[in-house]
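Visitor: Let me begin by handing over the structure; questions about it come next.
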Amino acid sequence: MALSFKDVAEILKIVDASNCEEVVLEVEGTRLVVRKGQGGVASTTSVGASATAAPAAGADQPVSAPSDANPGGATTATAKVDDGLIAVRSPMVGTAYRRPASGEAPFVEVGDRVEKGTPLCLIEVMKLYTTIKAPSAGVVTAIYADDLALVEFDQILFSINPE
């Protein structure tokens, strides 16, 4: 029995209405971690067989391509972006795809010039794909998520030096 989107939504409602601060649920290799924020609202949800609560070593460093040293592509939502750069953040928890299809070139690489609306990556949640687009024209200065990495809500995915 795998967790469906409806199951996760129902679990979030129950946790939000309860007094518990954290729930960890593992079902058939899928791990769901829910922690309440200060306002009593569930603030962190991790879904996936390789999801972890602690960031990997060196997780706040940008990456430019998938790396064997960081197999899960774990990064944190607290990565820092230099002043003057635009941080492109994940609007949801999901799996980041840097390529439009397996075997194809990535959407963008560090140093690529992009226009406003240029696709940067895809984020997949429950077989629904959301295209993450450049918010302005500029040059991609860093990539913070590996291909096929689990990303968190509000995690920095890219930084762009605007024109």
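The values are calculated or read from the model by the stated rules, or taken from the named source; none is laboratory data. In this text the structure is predicted, and so the values were computed from the model without any measurement. Backbone-built Cβ (ideal geometry, glycine too); neighbour counts: all protein chains shown.
Visitor: Could you list, ordered by first residue, the pairs with Cβ atoms under 9 Å in which the first is in the stretch 149-160 and at positive phi and the second is of a type in the set (Lys, Arg) and assigned to a loop (DSSP other than H, G, I, E, B), at least 6 apart or interchain?
Guide: Here the result reads none, with nothing in the stretch 149-160 linked to a residue that is of a type in the set (Lys, Arg) and assigned to a loop (DSSP other than H, G, I, E, B).
Visitor: Now for a separate question. State which residue is surrounded by the most Cβ atoms within 10 Å (Cβ to Cβ) when the search covers only the stretch 88-107 and only residues that are over 15 Å from PRO162 (Cβ atoms) and of a type in the set (A, V, I, L, M).
Guide: Taking the stretch 88-107 and keeping what is over 15 Å from PRO162 (Cβ atoms), we get 89-107.
Add one more test, that the residue is of a type in the set (A, V, I, L, M), and what stays is 92-93, 96, 101, 105.
Values: MET92: 16, VAL93: 20, ALA96: 24, ALA101: 7, ALA105: 10.
Restricting to residues being over 15 Å from PRO162 (Cβ atoms) and of a type in the set (A, V, I, L, M), the top hit is ALA96.
Visitor: With respect to THR95, determine if the residue is assigned to a strand (DSSP E or B) and modelled with pLDDT under 95.
Guide: The answer is yes for THR95.
Visitor: Polar (S, T, N, Q), outside any strand (DSSP E or B) and closer than 22 Å to GLY84 by Cα: is that true of SER159 in this structure?
Guide: Working: polar (S, T, N, Q): yes; outside any strand (DSSP E or B): no; closer than 22 Å to GLY84 by Cα: yes.
Answer is no for this residue.
Visitor: Regarding the stretch 48-70, can at least one residue be identified that is of a type in the set (A, V, I, L, M, F, W, C), at pLDDT 80 or above and surrounded by 12 or more Cβ atoms within 10 Å (Cβ to Cβ)?
Guide: Step one: list which residues in the stretch 48-70 are of a type in the set (A, V, I, L, M, F, W, C), which gives 49, 51, 53-54, 56-57, 59, 63, 65, 69.
Narrowing further to those that are at pLDDT 80 or above: none.
Scanning the stretch 48-70, I find no residue that is of a type in the set (A, V, I, L, M, F, W, C), at pLDDT 80 or above and surrounded by 12 or more Cβ atoms within 10 Å (Cβ to Cβ), so the answer is no.
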